[in-house]
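Asks: Pasting a structure here, questions to come.
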Amino acid sequence: MAFSNSRPLLFSAVRGLSASPASYLVRRSWQQRLPKFCSASTLAQAEPEGAQLSAANISIEKTAAPKEKLPPSKLVFGHTFTDHMVQIPWNATDGWLTPKILPYQNLSLDPATCVFHYAFECFEGMKAYKDSKGSVRLFRPDKNMDRMNRTAARICLPTFDHEAFIKIIAELVKLDSDWIPSERGYSLYIRPTLIGTQASLGVGPPQSALLYVIMSPVGPYYPTGFKAVKLEATDYAIRAWPKGVGDRKLGANYAPAILPQQMAASRGYQQNLWLFGDEGYITEVGTMNMFLVFKQPDGKLELVTAPLDGTILEGVTRDSILGLARERFDKDKWVISERKATIREVADHATAGTLVEAFGSGTAAVVSPIKEISWRDQPISVPLQPGKETGPVAEQMAKWIAEIQYGEVEHPWSVLLE
């Protein structure tokens, strides 16, 4: 593969959204007769009501009973949680209330709480890492906060100042930093969550909400090295559709995908490759973004991923892979494409011997190599490197991103916590 060794460029931060209660924004949009499909980012530019989220007045209560920590080798993703959590209430009258760092604890919610009945819930997934000096780093937290704001606005939950929320998360991470394993490949998974808390069976914008954060130490996704997976191309169920909410990180997007995944597993496949439309457009793989590598007739290599058309999540890892590819790949030998690709195109490339590689991307695994795709009961074989469970691009991207995450290469994506 032809990779360039050019030095990393500085990447500009994604523009944040103003802190505005979404319930007010939606009412205002109706009053102003905005277009029917007004974007969430447009809505989030309206004037805020109540207090904005602030990191200046954090209340911290340390636990009196620290938990026993498991050895890193015993960690299971999302099963072990740190000693503390963040809770920040919001209501339509007062805005954001005092952020609190508390001992990890259960939530007490009325059975009529709207999150249970109408799915007023969104979340993010991000990680903290320890570098070789023991310092703690976050990876591109601005991207996660920007996406969470846009998701919240879409479902009438309050938005927030994302720089303030990053500071609050940083305080939580620093307090529980001894939960981050020092071994390479380990990290602290951070789950910011926002729920509607109004106790009412009426359908409407919630007048109260809770923003909270919990954290879980996690090990490497592939503890013994890459393990390429087999996919089942799925068109009998649709994960997302244009002008829907498949591009938002809503809990409601995940439960409907479990049954098709179980059905694929019963036939020997680890995940679904989600197709859309009669054309069989490739969207996502499981809960990850999808990448393909084709060899073009002129000999150039093309890295392909689906465009941001509303049918895929705007993945932070996806964006990182595209940014690194455009910066570091040899421009005379590579084409980087955000375009629609069909399962037929993949099959035709496989037949012609010009399908080079396929992999998924996401926070948990960074990259997940693919070795086979079943389409209409016929296998499409995806090449791997000799003696390895990965293709060269997935392997290179995993290395480059890990170097940034663990501070081995200085880069603006890696945020050092002071």
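The values are calculated or read from the model by the stated rules, or taken from the named source; none is laboratory data. Only a predicted model underlies this, so the values are computations on that prediction, with no experimental measurement involved. Every residue, glycine among them, receives a Cβ derived from its backbone with ideal geometry; neighbour counts consider all protein chains shown.
Asks: Working carefully through the options Thr113, Thr151, find the one that is surrounded by 24 or more Cβ atoms within 10 Å (Cβ to Cβ) and of a type in the set (Val, Ile, Thr).
Replies: On inspection, the qualifying residue turns out to be Thr151.
Asks: Follow-up question, since we're still on this one. Across region 68-89, what is the total count of residues that are more than 20 Å from Val173 (Cβ to Cβ) and modelled with pLDDT under 95?
Replies: The total comes to 4.
Asks: Could you list, in sequence order, all residues of region 157-167 that are surrounded by fewer than 23 Cβ atoms within 10 Å (Cβ to Cβ) and part of a loop (DSSP other than H, G, I, E, B)?
Replies: Result: Asp161, single match.
Asks: Picking from Val316, Val335, Val409, which residue would you name as being outside the structural domain of Asp146 (by TED's automatic domain parsing), within 30 Å of Val173 (Cα to Cα) and surrounded by fewer than 20 Cβ atoms within 10 Å (Cβ to Cβ)?
Replies: Details: Val316 fails: surrounded by fewer than 20 Cβ atoms within 10 Å (Cβ to Cβ); Val335 fails: within 30 Å of Val173 (Cα to Cα).
Only one candidate passes the filter, namely Val409.
Asks: Given the conditions (1) without any contact (Cβ under 8 Å) to a residue 60 or more places away in the chain; (2) over 25 Å from Pro192 (Cα atoms); (3) within 23 Å of the chain's Cα centre (by Cα); (4) not in a loop (DSSP other than H, G, I, E, B), which single one is not true for Met263?
Replies: Met263 satisfies every listed condition except (3).
Asks: Take region 173-218 and flag every residue that is in contact with a Pro (Cβ under 6 Å, 6 or more places away or on another chain) and either assigned to a loop (DSSP other than H, G, I, E, B) or of a type in the set (A, V, I, L, M, F, W, C) (or both).
Replies: If the condition is that a residue be in contact with a Pro (Cβ under 6 Å, 6 or more places away or on another chain) and either assigned to a loop (DSSP other than H, G, I, E, B) or of a type in the set (A, V, I, L, M, F, W, C) (or both), then Trp179, Pro181, Glu183, Gly185, Tyr186, Leu188, Gln198, Ala209, Leu210, Val213 are the ones that fit.
Table: residues versus (1) in a loop (DSSP other than H, G, I, E, B); (2) of a type outside the set (Val, Ile, Thr); (3) at pLDDT below 50.
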{"position": "Cys38", "(1), (2), (3)": "yes, yes, yes"}
{"position": "Ser41", "(1), (2), (3)": "no, yes, yes"}
{"position": "Ser54", "(1), (2), (3)": "yes, yes, no"}
{"position": "Pro66", "(1), (2), (3)": "yes, yes, no"}
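Asks: Read through the list (1) among the polar types (S, T, N, Q); (2) out of contact with any strand residue (DSSP E or B) (no Cβ under 8 Å at 6 or more places or on another chain); (3) farther than 30 Å from Ser135 by Cβ, then give the number of the only condition that Gln198 fails.
Replies: Of the numbered conditions (1) among the polar types (S, T, N, Q); (2) out of contact with any strand residue (DSSP E or B) (no Cβ under 8 Å at 6 or more places or on another chain); (3) farther than 30 Å from Ser135 by Cβ, the odd one out for Gln198 is (2).
Asks: Something else now. Pairs only if they're at least six apart or on different chains, beta carbon under 8 angstrom, first in region 159-178 and under 22 Å from Val218 (Cβ atoms), second of a type in the set (Ser, Thr, Tyr) and crowded, with 23+ Cβ neighbours inside 10 Å; list them, first residue then second.
Replies: Between residues of region 159-178 that are under 22 Å from Val218 (Cβ atoms) and residues that are of a type in the set (Ser, Thr, Tyr) and crowded, with 23+ Cβ neighbours inside 10 Å, the close pairs are Asp176/Thr82.
Asks: Based on this model, can you work out whether Ile401 counts as in contact with a helix residue (DSSP H, G or I) (Cβ under 8 Å, 6 or more places away or on another chain) and β-branched (Val, Ile, Thr)?
Replies: yes
Asks: Which condition number does Ser187 fail, the rest of (1) of a type outside the set (Phe, Trp, Tyr); (2) out of contact with any helix residue (DSSP H, G or I) (no Cβ under 8 Å at 6 or more places or on another chain); (3) not assigned by TED's automatic domain parsing to the domain that holds Pro383 being met?
Replies: Every listed condition holds for Ser187 apart from (2).
Asks: Suppose the filter is touching a strand residue (DSSP E or B) at 6+ places or on another chain (Cβ under 9 Å), of a type outside the set (A, V, I, L, M, F, W, C), surrounded by 21 or more Cβ atoms within 10 Å (Cβ to Cβ) and farther than 26 Å from Ile88 by Cβ; does Gln271 pass it? Full working, then the answer.
Replies: Values: touching a strand residue (DSSP E or B) at 6+ places or on another chain (Cβ under 9 Å): yes; of a type outside the set (A, V, I, L, M, F, W, C): yes; surrounded by 21 or more Cβ atoms within 10 Å (Cβ to Cβ): yes; farther than 26 Å from Ile88 by Cβ: yes.
Yes: the conditions hold for Gln271.
Asks: Something else about it: Is it the case that Ser266 is under 23 Å from Ala255 (Cα atoms) and surrounded by fewer than 18 Cβ atoms within 10 Å (Cβ to Cβ)?
Replies: In short, yes.
Asks: Among the residues of region 362-418, write down those that are of a type in the set (Ser, Thr, Tyr), in a loop (DSSP other than H, G, I, E, B) and farther than 27 Å from Ala233 by Cβ. First the steps, then the outcome.
Replies: Going through region 362-418, the residues of a type in the set (Ser, Thr, Tyr) turn out to be 363, 368, 374, 381, 390, 406, 414.
When the remaining residues are screened for being in a loop (DSSP other than H, G, I, E, B), the result is 363, 390, 406.
Hit for region 362-418 is Tyr406, nothing else.
Residues checked against (1) surrounded by fewer than 16 Cβ atoms within 10 Å (Cβ to Cβ); (2) under 11 Å from Gly196 (Cα atoms); (3) not assigned by TED's automatic domain parsing to the domain that holds Ser187:
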site	(1), (2), (3)
Thr80	no, no, no
Met85	no, no, no
Asn91	no, yes, no
Asp94	yes, no, no
Thr98	yes, no, no
Ile101	no, no, no
Asn106	yes, no, no
Tyr118	no, yes, no
Glu121	no, yes, no
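Asks: May I pose another question? Here are some conditions: (1) modelled with pLDDT under 95; (2) crowded, with 18+ Cβ neighbours inside 10 Å; (3) of a type in the set (Val, Ile, Thr). Ile180 meets all but one. Which one does it not meet?
Replies: Ile180 satisfies all of (1) modelled with pLDDT under 95; (2) crowded, with 18+ Cβ neighbours inside 10 Å; (3) of a type in the set (Val, Ile, Thr) except (1).
Asks: Can you tell me which residues in region 334-349 are under 24 Å from Leu275 (Cβ atoms) and in a strand (DSSP E or B)?
Replies: Correct list: Val335, Ile336, Ser337, Glu338, Thr342.
Asks: Here is a follow-up. In region 319-330, is there at least one residue being among the β-branched types (Val, Ile, Thr) and more than 24 Å from the chain's Cα centre (by Cα)?
Replies: Taking every residue of region 319-330 in turn, none turns out to be among the β-branched types (Val, Ile, Thr) and more than 24 Å from the chain's Cα centre (by Cα).
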